[in-house]
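Asks: I have a structure here, written as structure tokens, and I will follow up with some questions on it.
Each value in this text was obtained by applying a stated rule to the coordinates, not by laboratory testing. Being a predicted model, the structure only gives us computed values, none of them experimental. So basically every Cβ, Gly included, is an ideal-geometry build from the backbone, and we count neighbours across all protein chains shown.
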Amino acid sequence: MLSALLSEITAAPTRTRQNVELETALEHHFSELVVQHRLLKAALLNLMELGQQTAVGATPDADAVIFDKITSEDGTILTCGVTLGMTYLATALILSGHAIESENAVVVLNVVECHLLSFASTAYNHLRGHNYALQRFGQLLNGYVNILDLRDPMNYQRKLFYLHQAAVSFSPSPEYLSVAHALLVREATRCRCPGPALAVMRQPILEVSPADTGAGLTCFHSYYCSGGLLLAAMQCWEDATVWLRSALCMSKNLQRKSALEAQAEVAVTTTATFSASPTTALSESGGIRDTLLRAAKAFILVSIISQGDLHNPADRRRAQRVMQQFRGGNADPYFRLLSAAAKRDGKLWDTLEKHFESLWKQEGMAELVAEAGLRLRRHVIRDMAKVANRVYLSDILSAFRTHSLLGMGDVDDAKEIPALIQTLLNMQEEGELLIRLENVHSGMMWEESMTMEEEGNDMGVKSLVARLELPPKRIPAVLGTRRLGCGLLSLSDIDIGKKQRYEQVQLRCAMEERIRRYESARAALMRATEEAGIENAQLAEDDSGR
């Protein structure tokens, strides 16, 4: 069987649909290729050698594909058959579980890096329009990542470089979603190196075409879910909320499939027979279910971090719909956290966080849950800023104590003032509030300089005042350029001076853009005024001539 497929792969096309028939044959015999994994390495080596030579075959007829052979810059001739063969055979070797072996791994890495994703490669030109082959290419990329994680785990630049190359080259234009987008963002999050992923994420996705790129609904939801988690890791909470909300946008077709699956599960549980449950279209693509559940859980936590609650009723309904349609996803603890955050109930939050600690770790949400718990104090301060612009720090501490956010036992206000002032300064730095402290003398912000407790004087604590004001609307920044968020990941090696210059450049670009818009609007207004003046002058001349 493999020899027959190899002869079709290496043959020159003689009919228009020969490549389509080859793809169908490879897909039909794919399970057999996986079984014959011992023969795939030699077959791939032969195909890589053929990639450097001119394909030999029958003379094409008039109906043959004219551009099946494409000559790259280094003089090699690639054919659609060889490209399809490399994709399917390498994917079969990966799915067999034997690609991690030393010799097989080298072959797979060479196929991906030196042929399919090389700088002068025209592999996508051949695979475009072959939906199944492009999906197999996505599986090949997943296996490629797994091999690099085992053989070269520290060299993450190599992995991200070729994933970025795949995301850029395996799509007709930057507006298309490819099978590599979600994988690139996921690996960038794992490696804590968001640069290559942000370069792709800053280009909006306007087209999802499985025929052109192989990416469908699963890739769409996975891409936006992974992007939201990456932005959350960078503490770009507003952008993360937007991306996770996009990940939860379910099409009507997907909603209908999930409803059918739920009905099938109910029918199976109510019958007395022990037959296997029916397989639905959605259960076959369980990746969508897992992705939507993960996105919904992360969306709840990120909303708590950024807003303190799901203020938008549409967002609450969207998260509830996903949780209800995909049952069995441990959704109840997240909604209980949401309820505790809405009430600013620190005691209930601590109880839930400790009780479900193993669940948070198992689902990879422990960091977001911990961050959301730390943000409860900030939300109490923001709630107070909405109703009062001048607040005593002692009143803020009393509010913390009312919501059980000061820990157990009686805590002296003098000991909590430095931490509260630091929280206010952090909120000011991150743009959550405009804050001005009053009645603060030099050295009071540092715990070792405070002598109030030693002197037994509480009047100094009670006189401290904070003026709170909600910040005005700001010009949206480039995706992923929040100062604190970038400082955690992509700007960790840059000093403060470079950060300040970077921010000044961003501000100058924004101001120059506004100036250009103003000048263009002014020029358009001047042209309109001049045209109106000319028309009025002509009308006046006509009237005088009469």
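Asks: When ranked by the protection proxy of mean other Cβ atoms within 10 Å per residue, highest first, what sequence do the peptides 319-325, 422-428, 295-301, 216-222 form?
Replies: Sorting 319-325, 422-428, 295-301, 216-222 by mean packing, highest first, produces 295-301, 216-222, 319-325, 422-428.
Asks: Calculated FRET efficiency, Phe30 and Ala523, Cβ-Cβ r, R0 56 Å, to nearest 0.05?
Replies: 0.35
Asks: Here are some pairs, Lys347/Lys415; Lys297/Lys361; Lys343/Lys473; which of them have Cα atoms lying more than 24 Å apart in this structure?
Replies: Lys343/Lys473
Asks: Counting only other residues whose beta carbon sits under 9 Å from that of Tyr144, what net charge do I get with K and R as +1, D and E as -1?
Replies: Taking every other residue near Tyr144 into account, the sum is 0.
Asks: Quick check: residue separation of Ser102 and Ala477 times 0.36 nm, minus the Cα distance between them. What number comes out in nm?
Replies: 130.4 nm
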